[in-house]
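Everything on this sheet refers to the single structure shown next.
The values are calculated or read from the model by the stated rules, or taken from the named source; none is laboratory data. Treat the numbers as computed from the prediction; the structure is a model and nothing was measured. Every residue, glycine as well, gets a Cβ built from its backbone with ideal geometry; the counts of neighbours run over all protein chains shown. Accessible surface is based on the protein model in full, side chains and every heavy atom, while ligands, DNA and RNA are left aside. Shrake-Rupley method; radii C 1.70, N 1.55, O 1.52, S 1.80 Å.
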Amino acid sequence: MPETALQLAARVGRGQLGPAEPAAQSLARIRASDDRLHAFLSLREDAPERASRLGRSAFLGLPLAGVPVAIKDNLNLVGTVTSCGSRMLANYRSPYTATVVERLERAGAVVVGKTNLDEFAMGSSTENSAFGATRNPWDLGRVPGGSSGGSAAAVAGGQVPLALGSDTGGSVRLPAAFCGVLGFKPTYGRLSRYGLVAFASSLDQVGVLARSSADLAAALDVMCGIDPLDSTSIDHPPSFTAALDLGISGLRVGWIRQALRGNHPAVERAMATVQQVLEAGGARFGEADLPTLEAAVPAYYLIADSEASSNLARYDGMLYGLRSGGSDYSAVMAESRAEGFGQEVKRRVLMGTYALSSGYYDAYYSKAMRVRRLIARDFAAAFGAYDLLLCPTAAEPAFPIGERSADPLAMYRTDVYTVGISLAGLPALSLPAGYAQVDGKQLPVGIQLIAPALRDELILAVSQHFERVTEGRFFGIAPGFA
Ligand code: GLN
């Protein structure tokens, strides 16, 4: 059983283990398992040499000394290809490094590779990658969730203890739930977006996937905080690790009423488990009414696609990436976009352009923005009565590869419990809390813990309590990859 990030960091940070060792072991595990998972798009083969070259002493006392990490391939790391899972950027090399990645490296972490994703992070299954689907380590016939499916599979498949993803409408939380790992999306602004390739800028947040609450907290502590290169980043002191032992006594917890029905029986059992564990720890439970959440999916897809249609205009065949033939500007642009983008990305750009076009703007985009404000208001009201809100991450466990690819609405509905939280900019964690038995396979399910804006730390305290009481029974590496 591979060690946690903090166990590795303790040994490297004290000089008991060479800084190249964990990265070398991680790369060996990736090579042994990635033909089954396809979690990675590229490996940093020289990661161990880079760590050795820095020397043992460079890592002494660092919080993440020598910890191998994987990063989603929409995060820039200088000199590496950042493809975003798209033919458009298949040969694009980053000229700079994302702030969150730079901060991880400064804390001693060693990037071992870039993970697979739905093209430009648009999707819920990682099937929309131009480079092939990632598979769920718990059942290779099922999706890992998306769009950070590569990062989730890498953590659940024991390839790395820690990975970065991005979450616009659930892309860290959903794959975390489907793969049985922790997946955290902070309050919008707590992690810098500088160097994260933009999908929908008012929603995009970097998120973390891990197998232990303490590992998650350590990564957040080193990454969070204001960044002059991202004007939406927030100056707020890092105290995730300090929050782990706050306890939960007296905590007021509300189940979101709109998410109580229509869930898979295993999801219902996981809900009961979480309630039991938290009640035994002194939390009190009730129900919270958030009626406007019913409109979250259409509002989210209108807003996200509108922003995407603007953000993706930069891929015109001139500035970045793929350029296809044509004798004038519009021909080059049309050809490059026709060839470079996959079907889902084209659908999003078309929908977003339509929603923003004059004559439809009020009917679609403005209306969706009004819904967004109402959802934020419903959350604010609910947090008047509760410290923490709960709902499943998804209504069901991971679905079979191919099941929803021909039906975009079925795919979009997978996000029913995650997108409202994103529209409100709130922090949320997908906590692994149970298993379903489906066709003879064990499949993980996750429950979301949602806190008010900037109360991210509270979530870590609850997660740590749950992890301790359940002795990590729902956390860990998928059978067959341990
Ligand atoms: N599934 C959602 C979408 O396709 C969310 C994606 C994300 O969070 N990046 O837009």
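Filtered by the rule that a residue be more than 16 Å from the ligand (Cβ to nearest atom), buried (at least 24 other Cβ atoms within 10 Å of the Cβ) and assigned to a loop (DSSP other than H, G, I, E, B), the stretch 145-189 gives 157, 159, 160, 161, 180, 181.
Residue 150 meets all of the listed conditions (1) over 13 Å from the mean Cα position of the chain (by Cα); (2) under 15 Å from residue 135 (Cα atoms); (3) of a type outside the set (A, V, I, L, M) but one, namely (1). Report whether or not residue 31 is without any contact (Cβ under 8 Å) to a residue 60 or more places away in the chain and touching a Gly at 6+ places or on another chain (Cβ under 7 Å). So residue 31 fails the test. Among the residues making up the stretch 435-458, those that are under 21 Å from residue 377 (Cα atoms) and buried (at least 21 other Cβ atoms within 10 Å of the Cβ) are 448, 449, 450, 451, 456. Just so you know, in the stretch 287-316 the residues that are open to solvent by less than 10 Å² (accessible area, probe 1.4 Å) and in contact with a strand residue (DSSP E or B) (Cβ under 6 Å, 6 or more places away or on another chain) include one that is nearest to the ligand (Cβ to nearest atom), and it is 290.
At least 2 residues being more than 24 Å from residue 215 (Cβ to Cβ) and within 14 Å of the ligand (Cβ to nearest atom) is the threshold, and among the helices (runs of 4 or more DSSP H) wholly inside the stretch 389-482 those reaching it are 408-413, 419-423.
Within the stretch 127-144, the set of residues being of a type in the set (Ser, Thr, Tyr) and open to solvent by less than 10 Å² (accessible area, probe 1.4 Å) comprises just one member, 134. For the stretch 119-144, the tally of residues that are within 9 Å of the ligand (Cβ to nearest atom), within 15 Å of the chain's Cα centre (by Cα) and within 14 Å of residue 402 (Cα to Cα) stands at 3.
Checked against the criterion of being outside any loop (DSSP other than H, G, I, E, B) and over 16 Å from residue 160 (Cα atoms), the stretch 62-82 has at least one qualifying residue. Here residue 31 clears all of (1) buried (at least 24 other Cβ atoms within 10 Å of the Cβ); (2) not in a loop (DSSP other than H, G, I, E, B) except the condition numbered (1). Quick one: is residue 240 away from the ligand (no atom under 16 Å from the Cβ), of a type outside the set (A, V, I, L, M) and either on the phi < 0 side of the Ramachandran plot or open to solvent by 20 Å² or more (accessible area, probe 1.4 Å) (or both)? It is true that residue 240 is away from the ligand (no atom under 16 Å from the Cβ), of a type outside the set (A, V, I, L, M) and either on the phi < 0 side of the Ramachandran plot or open to solvent by 20 Å² or more (accessible area, probe 1.4 Å) (or both).
With the requirement that a residue be of a type in the set (Val, Ile, Thr) and closer than 15 Å to residue 276 by Cβ, what does the stretch 465-482 give you?
469, 470
Name the residue that is most open to solvent (accessible area, probe 1.4 Å), counting only residues in the stretch 70-88 that are of a type in the set (A, V, I, L, M) and over 21 Å from the mean Cα position of the chain (by Cα). So, considering only residues that are of a type in the set (A, V, I, L, M) and over 21 Å from the mean Cα position of the chain (by Cα), the one most open to solvent (accessible area, probe 1.4 Å) is 78. Checking the structure you have, find out if any residue of the stretch 67-87 is at positive phi and either hydroxyl-bearing (Ser, Thr, Tyr) or within 16 Å of the ligand (Cβ to nearest atom) (or both). Taking every residue of the stretch 67-87 in turn, at least one turns out to be at positive phi and either hydroxyl-bearing (Ser, Thr, Tyr) or within 16 Å of the ligand (Cβ to nearest atom) (or both).
Go through the stretch 222-237 and give me each residue that's crowded, with 21+ Cβ neighbours inside 10 Å and out of contact with any Lys or Arg (no Cβ under 6 Å at 6 or more places or on another chain).
The one that is crowded, with 21+ Cβ neighbours inside 10 Å and out of contact with any Lys or Arg (no Cβ under 6 Å at 6 or more places or on another chain): 227.
Exactly one condition in (1) touching a strand residue (DSSP E or B) at 6+ places or on another chain (Cβ under 6 Å); (2) in a loop (DSSP other than H, G, I, E, B) is false for residue 45; which is it? Residue 45 satisfies every listed condition except (1). Considered as a group, the residues in the stretch 317-362 that are within 24 Å of residue 408 (Cα to Cα), in contact with a helix residue (DSSP H, G or I) (Cβ under 7 Å, 6 or more places away or on another chain) and free of Cβ contacts under 8 Å to residues at least 60 places away in the same chain include one that is surrounded by the most Cβ atoms within 10 Å (Cβ to Cβ), and that residue is 352.
Within the stretch 193-227, being within 20 Å of residue 459 (Cβ to Cβ) and polar (S, T, N, Q) holds for 205, 212, 213.
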